[in-house]
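The values are calculated or read from the model by the stated rules, or taken from the named source; none is laboratory data. Only a predicted model underlies this, so the values are computations on that prediction, with no experimental measurement involved. Because the Cβ atoms are built from the backbone with ideal geometry, glycine has one as well, and the counts that use them run over all protein chains shown.
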């Protein structure tokens, strides 16, 4: 009988030996992770553990002191954030970073700058290529607003919207870049109980309807336990545990990191 050889699949994200130092402080140490297509994975740890530093390294805001990051098999070494975005990485932030005085529609449209398909002179001359691409971008933006139930706010400025709606807009803007990897940095931060439940529903829906791998940081453990297929835990920049939500919930090192040794 002939044995079928499974083709080697390239991971969406592969990090090997990632280390980042700030002077004498080692914020991330020998960090390793591999994310496959359509996974939903969590990254947790106490405040100051190095979680956001990892996301900043992946998205190109920082460069590693050591180690490698590959997006779809392509190294991000030396790439600026917009180049990493072009590889298929999008993210949200702990503190919402929308353009507060631009309309909701324009917040979505401006995220397409990396794939406009026309140059400076096409824009100046308002060429047929310029008009066609701008029409397509606006059409896609409205489609995304419809999906996220944001169409009624298209002409509003984000600064005038409720906090939960701003969070939803930030995720919609990230998805408008058509990423293969979506980084959510504490998406439940500042949300009330009702908005947190809506966020859980939204992330689950995105994972089911978009062809995207989701990697998220969150301090709301109920959110992580309910959504994530597996969770990685870091403390003082080092990995201390990894596994299913149930494994992490009962892991002594995780309990110690969050609550102290005396609790155990």
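A few points about this structure:
- Test: residue 93 is surrounded by 18 or more Cβ atoms within 10 Å (Cβ to Cβ), at pLDDT below 95 and out of contact with any helix residue (DSSP H, G or I) (no Cβ under 6 Å at 6 or more places or on another chain): yes
- For the range 39-46, the criterion of a residue being at pLDDT 95 or above, within 24 Å of residue 211 (Cα to Cα) and not in a strand (DSSP E or B) is satisfied by at least one position.
Residues checked against (1) modelled with pLDDT of 85 or more; (2) loosely packed, with under 13 Cβ neighbours inside 10 Å; (3) within 30 Å of residue 13 (Cβ to Cβ); (4) in the same structural domain as residue 223 (by TED's automatic domain parsing):
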| position | (1), (2), (3), (4) |
| --- | --- |
| 114 | no, yes, yes, no |
| 118 | no, no, no, no |
| 161 | yes, no, no, no |
| 182 | yes, no, yes, yes |
| 187 | yes, no, yes, yes |
| 194 | yes, yes, no, yes |
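- Exclusive hit being under 17 Å from residue 43 (Cα atoms) and either surrounded by 22 or more Cβ atoms within 10 Å (Cβ to Cβ) or out of contact with any strand residue (DSSP E or B) (no Cβ under 8 Å at 6 or more places or on another chain) (or both), set 246, 242, 238: 246
- The one condition in (1) within 28 Å of residue 30 (Cα to Cα); (2) surrounded by 17 or more Cβ atoms within 10 Å (Cβ to Cβ); (3) out of contact with any strand residue (DSSP E or B) (no Cβ under 7 Å at 6 or more places or on another chain) that residue 202 fails to fulfil: (1)
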